[in-house]
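The values are calculated or read from the model by the stated rules, or taken from the named source; none is laboratory data. All values reported here derive from a predicted model rather than from experimental measurement. Here the Cβ positions follow ideal geometry from the backbone for every residue, glycine too, while neighbour counts run over all protein chains shown. What goes into the accessible areas is simple: the full protein's heavy atoms, side chains included, and nothing from ligands, DNA or RNA. Shrake-Rupley method; radii C 1.70, N 1.55, O 1.52, S 1.80 Å.
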Amino acid sequence: MARDILEHVNEPGKALRSLSEALQKDGLLYFITPNGLQDAWQLFSRWKRDKVPGELLINHVNYFDPASLQSFLQTLN
C-alpha cells in the first residue's frame, strides 16, 4: 500500500515501476494520491468563511484527476 507518494516524486512512473517490481508474483499495489482540489479548497474555504488570507505552500509536483491517472497508468501497462 502506498499512500500519498506519487504527488511528491518527480518521476511517478519510475516510482510505480519500482514499487511494482517489489511485489510478489500476482501481488497488488494499492495507492492513493490527491487530485489537488483539497489543497486549494481548504484555502478557498477559509477565505470565504473568515476572510483570512493564506499561503498555498505545496510540495506536490504531480496531480492526477481520475481520467489522467487512468491514462497515465495505461502508458505504464
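If you count only protein heavy atoms with a 1.4 Å probe, what accessible area per residue comes out for the chain, rounded to a whole Å²? Don't skip to the answer; put the middle values down first.
Numbers: 6310 Å² over 77 residues.
Heavy-atom accessible area per residue stands at 82 Å².
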Label of the coordinate-derived value, percent of Cα pairs over 21 Å apart, listed as (1) 67; (2) 18; (3) 39: (3)
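So what is the relative contact order for the chain, in percent, with contacts set as C-alpha pairs under 8 Å and at least six apart? It would help to have the intermediate numbers written out before the result.
On the way: 59 pairs, mean separation 29.9, N = 77.
Result for the chain is 39 percent.
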Accessible surface of the chain, 1.4 Å probe, proportion on carbon and sulfur as whole %: 54
Peptides 11-22, 66-77 ordered by average Cβ neighbours within 10 Å, highest first: 11-22, 66-77
Heavy atoms of D39 accessible to a 1.4 Å probe, total area in Å² rounded to 10: 40
